[in-house]
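The values are calculated or read from the model by the stated rules, or taken from the named source; none is laboratory data. What you see is a predicted model; the values in this text were computed from it and never measured. Please note: Cβ atoms are built from the backbone with ideal geometry, for glycine as well, and neighbour counts cover all protein chains shown. Only protein heavy atoms, including side chains, enter the accessible area calculation; ligands, DNA and RNA are left aside. Shrake-Rupley method; radii C 1.70, N 1.55, O 1.52, S 1.80 Å.
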Amino acid sequence: MKSLVLLLLACAGCATVHTATDYHGVGIENGERPIETVEIENTGWLLFKFIPLGSGDPAHPNESGCRLFQNTVVLQNNLDMLEAEMKRVKAGRAVNLTSRKTDESIFVILLTRHAYHTSAVLLR
């Protein structure tokens with residue numbers, strides 16, 4: 001039983017929000033100054049590419065919690081985390097918003113780690 005619990009914890013997903021206040025990119029109009037750049041990632045594990053083992057908890061990013069046997073790795077959850085970060089820093093809008101999904105298979109189709117990545121520049 002202990003080995004099953006350890007396996008589930010090892011396969012648990014993660015939801016993270018990373019920020020940086022230094023921005024040297026292009027694409028900001030009218031001389032607006034960015035508040036911060038944000039990189040959001042939500043990951044999870046699937047068995048046979050469709051049975052969820054665990055994924056990140058988008059309601060509590062950057063914490064050690066996860067959602068066992070649920071698939072929270074969807075674009076809407078990343079956008080919800082972005083909106084929460086925008087409220088936290090009192091940003092008026094987000095520019096240069098991009099999202100992408102990645103999948104990595106382990107043991108052919110036995111285990112798949114999938115993730116949604118979203119990044120944006122937050123402006124006042």
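Some values worked out for this structure:
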read-out: Cβ pairs under 8 Å, 6+ apart, first in segment 7-34 and loosely packed, with under 10 Cβ neighbours inside 10 Å, second modelled with pLDDT under 65 and not charged (D, E, K, R); value: none
read-out: Selection from segment 88-104 of residues that are over 13 Å from residue 38 (Cβ atoms) and open to solvent by less than 60 Å² (accessible area, probe 1.4 Å); value: 92, 102
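For every residue, the table says whether it meets (1) surrounded by 13 or more Cβ atoms within 10 Å (Cβ to Cβ); (2) at pLDDT below 95; (3) within 17 Å of the chain's Cα centre (by Cα).
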| residue | (1), (2), (3) |
| --- | --- |
| 70 | yes, yes, yes |
| 81 | yes, no, yes |
| 86 | yes, no, yes |
| 106 | no, yes, no |
| 110 | no, yes, no |
